[in-house]
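Worksheet: the structure to be examined is printed underneath.
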Amino acid sequence: MSSWHEFIFMGKHGAYVWSSYLMTLIVLLGLFIGFRMMLKSLKQKAQQEAKAPSGERTKARKLKVSPTE
């Protein structure tokens, strides 16, 4: 039992270690959820544009690049 206690408290550094793990998990979950929402939105947009009549479709814009010296 004392080994679990030592593992969790990590020699009085447990609060810092576990809080950093928690913050990392929160950030990664936030990124995952955000990207999933963005992907879902892009899929819906693409499906709407595909269903639109050909006259109403938006044309792709070309990227203008100026030559560098």
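A few points about this structure:
- Cα gyration tensor shape for the chain, rounded if a/c is under 1.5, else prolate or oblate: oblate
- Put in order of Cβ neighbour count within 10 Å, fewest first, the listed residues Leu29, Leu63 become Leu63, Leu29.
- Among the trypsin sites (Lys or Arg not before Pro) within the chain, those in coil by DSSP and having at most 13 neighbouring Cβ atoms inside 10 Å are Lys12, Arg57, Lys59, Arg61, Lys62, Lys64.
- The sum of -39500 (n - 2.57) across all DSSP H runs of n ≥ 4, divided by the residue count of the chain, sets its helix-only mean residue ellipticity at 222 nm to -23500 deg cm²/dmol.
- Straight-distance candidates among the lysines for linking to Lys45, with alpha-carbon spacing under 29 Å and chain neighbours fewer than 8 residues away dropped: Lys59, Lys62, Lys64.
A short reminder: the numbers here are calculations on the coordinates, not readings from a lab. Nothing here was measured: the structure is a model prediction, and the numbers come from that model. A quick note on method: Cβ atoms are made from the backbone with ideal geometry, for glycine too, and the neighbour counts reach across all protein chains shown.
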